[in-house]
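Notes follow once the structure below has been shown.
Every number here is computed from the coordinates shown, using simple stated rules; none is lab data. All of these numbers come straight from a predicted model, not from anything done at the bench. Note: ideal-geometry Cβ built from the backbone for every residue, glycine included; neighbour counts use all protein chains shown.
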Amino acid sequence: MAVIVKQVKLSWLDRTYFWPVFKGMVITFGHFLRNLFTSTPKRYTVQYPDMKRVMPEGYRGLHELKRHADGSIKCVACFMCAEACPARCITIRAEEFSDLNLTQGFEEKRPRVFKIDMLRCIYCGYCEEACPKDAIWLRKDYELSAYDRLSMQYGKWDLMNTYAEEDGKARITTDPKPAVCSQKASL
Amino acid sequence: MDTLSALLHLSPETFWMIVKILVVFAGPLTIAALLTWVERRGSAMIQDRIGPNRAAIFGFRLIGLPQIAADGIKAFLKEDLVPAEANKVLFWLAPLLAFIPAVLGMAVIPFGQSFESGGHTYHMSLLDPGNGMGMLFPMAIGAMAVYGVLVAAWSSNNKWSILGGMRASAQMVSDELSMSLAVIAIFMTAGAYDPHDLIQAQYGLWNVVPHFLGFLVFFTCMFAETNRLPFDFAEGESEIVAGFLTEYGSMKFALIYLSEYIHLVVASALIVTLYFGGWRVPFVANPGPWLSVASFLAKTLFFCWVFVWVRWTVPRFRYDQLMKMGWKVLLPLSLINFLFHAFLMFRRG
Ligand code: SF4
Ligand code: SF4
């Protein structure tokens with residue numbers, strides 16, 4: 001494909017070369033002065049480990065599995081997210097955990113295993129979109145790293161606690177005992 | 001002065017000589033080391049970046065200044081690699097060949113006004129006026145620096161290096177002439193070539209005003225002379241890797257690198273001496289030793305900064321563009337400048 005290169009007609013002033021250089025120097029000096037009188041935190045560069053960038057709304061970072069007020073997992077193991085996931089990185093094993101049914105205040109199904117392979121995840125957010133229970137959120141934590149591959153396999157309890165400190169919630173490692181739960185009874 | 005030297009049991013002459021050697025040798029070295037920092041931080045600011053600010057001494061970052069020391073230590077501790085096919089002797093010699101002319105350049109440049117103390121006259125330049133070399137010395141020595149580049153290139157036995165060295169020497173030839181012509185015009189109008197006399201002749205009116213054209217030519221040539229952007233053809237990341245420096249590492253690299261910066265300091269000092277009145281202070285007839293040294297330092301540092309500033313403003317030239325500019329623009333310009341001043345002198349009689 002031929003490209004027509006636009007020929008710029010230079011004025012004689014531009015062709016002296018010194019004048020454009022001088023203009024350029026004024027510009028660069030402007031930048032220099034601007035940066036000289038801007039404190040480091042206000043510059044464009046975010047000094048990463050010292051300063052953290054505040055991610056915008058809608059940023060898709062590390063997942064969180066949401067929980068009810070009593071600490072039980074919101075996820076009902078419907079496999080919608082696993083189905084939607086283009087990277088196929090969600091592994092769910094469902095379990096039955098109560099003889100009571102929904103009208104009596106309980107979901108009868110929950111994930112026994114809920115695993116996301118963070119190395120394969122592409123943070124597309126489809127799982128969040130697919131979830132009928134609003135149980136999985138992609139939030140703003142972008143600092144995912146580990147020394148080995150196994151640590152990047154986030155299990156159910158990892159995922160439930162990912163934002164525990166940030167939200168001031170307690171870290172939980174067991175499912176609460178089923179009991180009649182008021183917020184569900186109103187359903 | 002006399003009491004000071006008596007305290008050290010030295011004759012005033014010896015004492016003054018030692019002081020001068022220290023100033024002339026350590027001064028450019030210190031400024032050059034600082035310049036590496038200025039270059040990096042300054043360029044960062046020009047480009048809206050932050051620049052090196054992580055090196056710290058006991059947790060104090062000191063706006064990145066420890067980086068200089070860190071770089072030096074790193075250069076010393078690195079493995080010293082010599083390519084198997086290189087000419088070992090020349091390979092070792094090249095950094096010295098680059099370094100020595102760079103440091104020698106300051107020898108005749110007066111860095112302050114001569115002063116009298118206890119019946120002696122003390123001159124503020126390593127070699128006293130009337131040494132017969134005058135301004136020719138830094139010019140000649142400055143041109144020697146290309147041997148460092150050339151020897152480095154040749155001895156590395158590497159195509160990139162050879163190309164870089166070849167470019168450096170071609171470049172040197174093509175602007176040495178216009179540079180010398182610009183300087184000759186100054187020698188002509190001043191009627192002398194000793195830097196002390198040149199500065200004397202700039203009383204009241206700095207050379208930059210009557211010799212503005214010559215200044216532009218000289219200044220442009222200095223960029224080529226110091227091998228800096230926009231004329232850094234001896235290197236060229238995108239074409240010939242690091243050019244003549246490709247095979248160099250560790251302290252040998254650091255030495256060549258440092259000598260380039262010393263060269264830059266000397267070039268600034270030359271510009272100041274030739275065109276900006278040396279140690280003269282505007283509107284002060286006799287600034288005295290302290291003020292004159294301060295003035296010289298301030299001017300030199302300013303031009304060092306201009307070198308950095310221009311480097312981060314102007315993109316690189318192409319090799320043929322420089323050759324064209326050297327022969328077809330700079331040479332005629334300095335010839336015009338030369339003939340113009342010759343004509344003026346002829347008219348004045
Ligand atoms: S963000 Fe995308 S890739 Fe990651 S788990 Fe959810 S659906 Fe899968
Ligand atoms: S996270 Fe949502 S979509 Fe995925 S299994 Fe649980 S309830 Fe279903």
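Rounded to 0.05, the FRET efficiency of the B:Leu77 and B:Asp48 pair, given R0 = 35 Å and the Cβ-Cβ distance, is 0.60.
Between B:Leu81, B:Leu198, B:Leu29, the Gaussian network model of chain B with springs among Cα atoms under 10 angstrom shows the greatest mean-square fluctuation at B:Leu81. With q set to 0.15 Å⁻¹, the log10 of I(q)/I(0) for the range B:138-244, from the Debye formula over equal scatterers at the Cα positions, is -0.67.
With an 8 Å Cα cut-off and a minimum separation of 6 or more residues, compute the relative contact order for chain B in percent.
It rounds to 23 percent for chain B.
The chymotrypsin sites (Phe, Trp or Tyr not before Pro) of the range B:180-252 meeting both criteria, a DSSP state outside H, G, I, E and B (loop) and at most 11 other C-beta atoms within 10 angstrom of the site's C-beta, are B:Tyr203.
Translational diffusion coefficient of the range B:191-349 at 20 °C, 1.002 mPa s, Stokes-Einstein with Kirkwood Rh over Cα pairs, in µm²/s as a whole number.
In µm²/s, the coefficient is 122.
Full extension of the chain segment joining B:Thr30 with B:Val209 gains 61.3 nm, where the gain is 0.36 nm per residue of separation less the Cα-Cα distance. Estimated from helical segments only, the mean residue ellipticity of chain B at 222 nm is -21500 deg cm²/dmol, where each DSSP H run of four or more residues counts as -39500 (n - 2.57). Across peptide A:40-48, the average count of Cβ atoms from other chains found within 10 Å of a residue's Cβ is 2. Note on the range A:14-51 and the range B:181-220: Cα centroid distance 33 Å, given to the nearest whole angstrom. Take the Cα of A:Ala164, go 7 Å toward its beta carbon, and the backbone nitrogen atoms of the range A:50-77 under 17 Å from that spot belong to A:63-75. Note on B:310-318: average number of Cβ atoms from other chains within 10 Å of each residue's Cβ is 3.
Partner shielding of B:43-49 amounts to 6, given as the average count of beta-carbon atoms from other chains within 10 Å of each residue beta-carbon. Summarising the label geometry, the points placed 7 Å from Cα in the beta-carbon direction at A:Phe18 and A:Asp70 lie 8.6 nm from one another. Just B:Val151, B:Val266, B:Val82 to compare: in a GNM of chain B, with alpha carbon springs under 10 Å, which one fluctuates most? Answer for the Gaussian network model of chain B: B:Val82. The shape of chain B comes out oblate: with a ≥ b ≥ c from the C-alpha gyration tensor, a/c is at least 1.5 while a/b does not beat b/c. Would you mind telling me which residue in B:Ser238, B:Ser292, B:Ser155 has the biggest mean-square fluctuation in a Gaussian network model of chain B, where springs connect alpha carbons within a distance under 10 angstrom? Comparing B:Ser238, B:Ser292, B:Ser155 in a Gaussian network model of chain B, the most mobile one is B:Ser238. Using C-alpha pairs below 8 Å separated by at least 6 residues, the relative contact order for chain A is 23 percent. Averaging the sequence gap over all C-alpha pairs within less than 8 Å and six or more residues apart, then dividing by the number of residues, gives the range B:16-101 a relative contact order of 16 percent. Helices assigned as whole DSSP H runs in chain B whose Cα atoms extend at least 27 Å along their own long axis and whose mean Kyte-Doolittle hydropathy is -0.5 or higher are found at B:12-46, B:136-156, B:159-190, B:250-275, B:288-311.
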